[in-house]
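Remarks on the structure that follows.
The values are calculated or read from the model by the stated rules, or taken from the named source; none is laboratory data. Predicted model, so just to flag it, every value in this text is computed and none were measured. Cβ sites come from the backbone with ideal geometry, for glycine too, and all protein chains shown count toward neighbours. Keep in mind that these areas ignore ligands, DNA and RNA; they rest on the heavy atoms of the full protein, side chains included. Shrake-Rupley method; radii C 1.70, N 1.55, O 1.52, S 1.80 Å.
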Amino acid sequence: MWQGILGHDDVAERFRTALRRRRLASTYLFVGPAGIGKKRFALALAKALLCADARPDPLEPCGRCESCRLFDAGSHPDLEVVGLPKDKSTLPLELFIGSKEHRNQEGLCHRIALRPFFGGRKVAIIDDADYFSQESANCLLKTLEEPPPRSLLILIGTSPSKQLPTIRSRSQVVRFQPLAEQTVAQILLDTGIVTDRAQSVRLASSGEGSLERAREIVEPALWQFRDQLLDDLSSARPNPVRLAKAIQTFVDEAGKEASQRRDRLRTIVAFAEEFYRGLMRAEVHSVVRGDESLQGSLAKAQQNLPPGRATAALDACLHAVEHVDRNANLGLVI
């Protein structure tokens, strides 16, 4: 377990090997499901790379030097971290090239080009790389094509397919695998998110390797809605109007903030995705996995739904999430 991070020792060894061979790239694109520790890994990697003390293992920071102390305090001058603001649907230009009044005099592209404070290297981490617009990606283009000396740029997304070609073609892709279900279940217990082992196992199974996803569905009301949704989706003749009204009501109950309602709808669509992925596996491998509720719904669906329904439905789910992320009208999405 590298620096207390579970499930990604193989990725750590990849970077360890690159450092030993002096073949560290200038730009990496971390991809994998949300909530599996990609950002935490990126920060741990940055701390190790910025550590000013020489160590036998280049990926183990000393924790004592001034660089490590500043890093732990969140004020390291050679680290830049940016992400999607809560009120935005795409990464704004200002994060990269500064405000209109100070174009190219502030922002990530300006700061990463400055000389490192400690004389080693500068590291920039861009979270939410799935949300680049064409304009913001173009702002980063020169930095990607001509990276400043001794600089490292880490972009964090979920899939290479969600990245613009200008980003994807200039980055070295590092794929992170979902966490093992037993790992997610243990973290839920260790952090006190749940206290019942059976509940932790159920959450981990539905979370499909994502700790973030497992945390999002702790609320009992979500599970009640999920069970009803699965029953409807597995029905031979579901009532789309009634189901849409039920989803709209449940989404509206999430709160007054638009972000709360969007998050609720993402969770509901994720339940549907879980169901249809399970149905696809059942059709291909005749294997039904998941908790008792999901297994029952999948068995019912195999009797009621025609072959191939899962593929088209899953495609609709993926499009729905894309529209939610782009701030489309939630009623129309539903």
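Val218 - would you say it is hydrophobic (A, V, I, L, M, F, W, C), assigned to a helix (DSSP H, G or I) and open to solvent by 20 Å² or more (accessible area, probe 1.4 Å)?
No.
Pairs only if they're at least six apart or on different chains, beta carbon under 6 angstrom, first in the range 43-72 and under 12 Å from Val123 (Cα atoms), second in a loop (DSSP other than H, G, I, E, B) and charged (D, E, K, R); list them, first residue then second.
Close Cβ pairs (under 6 Å, with a partner that is in a loop (DSSP other than H, G, I, E, B) and charged (D, E, K, R)) amount to Leu50/Asp78.
Only one of Ala246, Ala254 is surrounded by 12 or more Cβ atoms within 10 Å (Cβ to Cβ), closer than 21 Å to Trp223 by Cα, at pLDDT 90 or above and more than 27 Å from the chain's Cα centre (by Cα); which?
Ala246
Return only the number of the condition from (1) at pLDDT 95 or above; (2) open to solvent by less than 20 Å² (accessible area, probe 1.4 Å) that Ile5 does not satisfy.
Unmet condition: (1).
When the residues of the range 157-179 are narrowed to those that are under 20 Å from Leu19 (Cβ atoms) and either crowded, with 18+ Cβ neighbours inside 10 Å or of a type in the set (Val, Ile, Thr) (or both), which ends up nearest to the chain's Cα centre (by Cα)?
Phe176
Can you tell me which residues in the range 12-38 are touching a residue at least 60 places away in the same chain (Cβ under 8 Å), open to solvent by 10 Å² or more (accessible area, probe 1.4 Å), over 17 Å from Glu208 (Cβ atoms) and not in a loop (DSSP other than H, G, I, E, B)?
If the condition is that a residue be touching a residue at least 60 places away in the same chain (Cβ under 8 Å), open to solvent by 10 Å² or more (accessible area, probe 1.4 Å), over 17 Å from Glu208 (Cβ atoms) and not in a loop (DSSP other than H, G, I, E, B), then Arg14 is the only one that fits.
Which condition from (1) in contact (Cβ under 8 Å) with a residue 24 or more places away in the chain; (2) in contact with a helix residue (DSSP H, G or I) (Cβ under 6 Å, 6 or more places away or on another chain); (3) of a type in the set (Gly, Ala, Ser); (4) surrounded by fewer than 20 Cβ atoms within 10 Å (Cβ to Cβ) is the one that Ala282 breaks?
Failed condition: (1).
Do we find that Arg289 is open to solvent by 30 Å² or more (accessible area, probe 1.4 Å) and either outside any loop (DSSP other than H, G, I, E, B) or at pLDDT 90 or above (or both) in this structure?
no
What number goes with the only condition from (1) over 20 Å from the mean Cα position of the chain (by Cα); (2) modelled with pLDDT under 95; (3) within 16 Å of Ile126 (Cβ to Cβ) that Gln199 does not pass?
Answer for Gln199: the failing condition is (3).
If the Cβ limit is 6 Å and pairs must be 6+ apart or interchain, which residue in the range 127-154 that is touching a residue at least 12 places away in the same chain (Cβ under 8 Å) pairs with which residue that is surrounded by fewer than 19 Cβ atoms within 10 Å (Cβ to Cβ) and in a helix (DSSP H, G or I)?
Filtered contacts from the range 127-154: Asp127/Lys39; Asp130/Lys162; Ala137/Thr166; Leu141/Thr166.
List the pairs whose first member sits in the range 74-88 and is closer than 12 Å to Lys47 by Cα, whose second member is basic (Lys, Arg) and part of a loop (DSSP other than H, G, I, E, B), and whose Cβ atoms are under 9 Å apart, counting only residues at least 6 apart or on separate chains?
Cβ pairs passing all conditions: Asp78/Arg121.
In this structure, does Arg237 turn out to be under 21 Å from Pro33 (Cβ atoms) and open to solvent by 20 Å² or more (accessible area, probe 1.4 Å)?
It is false that Arg237 is under 21 Å from Pro33 (Cβ atoms) and open to solvent by 20 Å² or more (accessible area, probe 1.4 Å).
Please give the number of the condition Ser206 fails out of (1) polar (S, T, N, Q); (2) touching a residue at least 60 places away in the same chain (Cβ under 8 Å); (3) open to solvent by 20 Å² or more (accessible area, probe 1.4 Å); (4) closer than 21 Å to Gly32 by Cα.
So Ser206 meets the others, but not (3).
Among the residues of the range 55-90, write down those that are over 24 Å from Met1 (Cβ atoms), aliphatic (A, V, I, L, M) and open to solvent by 50 Å² or more (accessible area, probe 1.4 Å).
Scanning the range 55-90 gives a single hit, Ala73.
Of all the residues that make up the range 298-309, how many are open to solvent by 10 Å² or more (accessible area, probe 1.4 Å) and either within 24 Å of the chain's Cα centre (by Cα) or of a type in the set (Gly, Ala, Ser) (or both)?
Qualifying residue count for the region: 2.
Go through the range 316-329 and count every residue that is in a helix (DSSP H, G or I) and open to solvent by 80 Å² or more (accessible area, probe 1.4 Å).
Qualifying residue count for the region: 4.
Restricting attention to the range 180-199, which residues are surrounded by fewer than 17 Cβ atoms within 10 Å (Cβ to Cβ), assigned to a loop (DSSP other than H, G, I, E, B) and touching a residue at least 12 places away in the same chain (Cβ under 8 Å)?
Answer for the range 180-199, where residues must be surrounded by fewer than 17 Cβ atoms within 10 Å (Cβ to Cβ), assigned to a loop (DSSP other than H, G, I, E, B) and touching a residue at least 12 places away in the same chain (Cβ under 8 Å): Ala180, Ile193.
Can you confirm whether Ala312 is among the small types (Gly, Ala, Ser), over 26 Å from the mean Cα position of the chain (by Cα) and open to solvent by less than 70 Å² (accessible area, probe 1.4 Å)?
Considered against the rule, which asks whether it is among the small types (Gly, Ala, Ser), over 26 Å from the mean Cα position of the chain (by Cα) and open to solvent by less than 70 Å² (accessible area, probe 1.4 Å), Ala312 comes out as no.
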